[in-house]
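Read the structure below first, then the notes.
The values are calculated or read from the model by the stated rules, or taken from the named source; none is laboratory data. Quick caveat: nothing in here was measured; it's all calculated off a predicted structure. Counting neighbours? That spans all protein chains shown, and the Cβs are built from the backbone with ideal geometry, glycine included. Surface areas here come from the heavy atoms of the whole protein model, side chains and all, with no ligands, DNA or RNA. Shrake-Rupley method; radii C 1.70, N 1.55, O 1.52, S 1.80 Å.
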Amino acid sequence: MGTRQTRDVPRRSSTWLSVLITAALLAAVVAWHPAEQFAAVRRTIGLAGERALPAPALRPRGGTFAFVMTQPGSQDPVGWDPCEEIRYSVAPAGAPAGGRELIDRALARASSATGLSFDDVGDTERRPFPEGRRLFGPREPVVIGWGTADEYAELAGDVAGLGGAIAERGGAGRLRFVSGGVVLDIEAFTAAAVAQRPRVMEAIVLHELAHVVGLGHVSEPMELMFANNAGQIDFGIGDLEGLARLGSLPCGG
Ligand SMILES: [Zn+2]
C-alpha cells in the first residue's frame, strides 16, 4: 500500500482494553490416541469415574455462548473429562512480576465456573503449543506461559494472548480435550500493566483459559468471550452457562 507500518508496540490509550482481548484462537487439532485400550483397562480393574469437584448448576438465563468444537454431526460440545483433573504446567520464562498470581486466580475462577479441577504438575521449560504433536505419545499437560510475536506470529499487533486445546477420540467414540496451552503476550503483560490493571490483565488470562476448557468467541459484548472485548472483565451470563455445560459432560470416554 506504500504506507509504513509502525505497530511494534500496542498503543496504551483509553482504547487499550478494547484491543487487548482481540485474542486469536488457536485451532484445536484432533489426534487419535489408542485411548480405547486405556478405557478398557479402567473398566477391567473397576475404576469408577468420580468428579473431584461437584458439577456446576445449570441455570440458563439467556446469555450467549459458543463452543470452540462440537462432536461430529451434533451440537454437543467437546470438553474435558470432568472426572479427570486437568494437568497443567506453568512456563515461567518471560513472566512479569505478579504474572503467576494472575494465572493462579484465573485458574481458580475457571475451576469455579466449570467444576473442573486443575492440577499443577510443576513449572516447565516446555513451550506452549510446541511444534508438531505426538499422535501416540503420553498426554502432555496444558502449558501456560509467556511469549512474543517473534515466537508466536498470532501475537502480532494488538493480540494479547492465545488459548486452545487438543482433542482426541475416546473409548466411546466421542472427542475429548486432553491437552492444550495458553500463551500470553510479554509486550502486553508488562510489570506495569499487571500492577496498574490487574483485573484487566487477569481477564485476558481468564478468556484464554475459557478457550482451553472449550468456549469459543461470541458477538455479544457483554460476554467475556466477545472477541473484541470492550471492557468486560468477568464472565457474562452466557459465558457462565457455556462453562457450566462444559463442566457437566459425562465422565469417561
Ligand atoms: Zn479469544
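Summary table below
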read-out	value
Residue among E187, E168 that is part of a strand (DSSP E or B) and more than 15 Å from the chain's Cα centre (by Cα)	E168
R134 vs. criteria modelled with pLDDT under 85, open to solvent by 10 Å² or more (accessible area, probe 1.4 Å) and on the phi < 0 side of the Ramachandran plot	yes
Criterion violated by E125 - all others in (1) over 26 Å from G73 (Cα atoms); (2) of a type outside the set (S, T, N, Q); (3) open to solvent by less than 20 Å² (accessible area, probe 1.4 Å) satisfied	(3)
Flag for V182 being within 14 Å of the ligand (Cβ to nearest atom), buried (at least 18 other Cβ atoms within 10 Å of the Cβ), among the β-branched types (V, I, T) and closer than 30 Å to P77 by Cβ	yes
Subset of segment 207-223 (residues that are surrounded by fewer than 24 Cβ atoms within 10 Å (Cβ to Cβ) and within 11 Å of the ligand (Cβ to nearest atom))	G216, H217, V218
Test result for D234, among the charged types (D, E, K, R), surrounded by fewer than 17 Cβ atoms within 10 Å (Cβ to Cβ) and within 16 Å of the ligand (Cβ to nearest atom)	yes
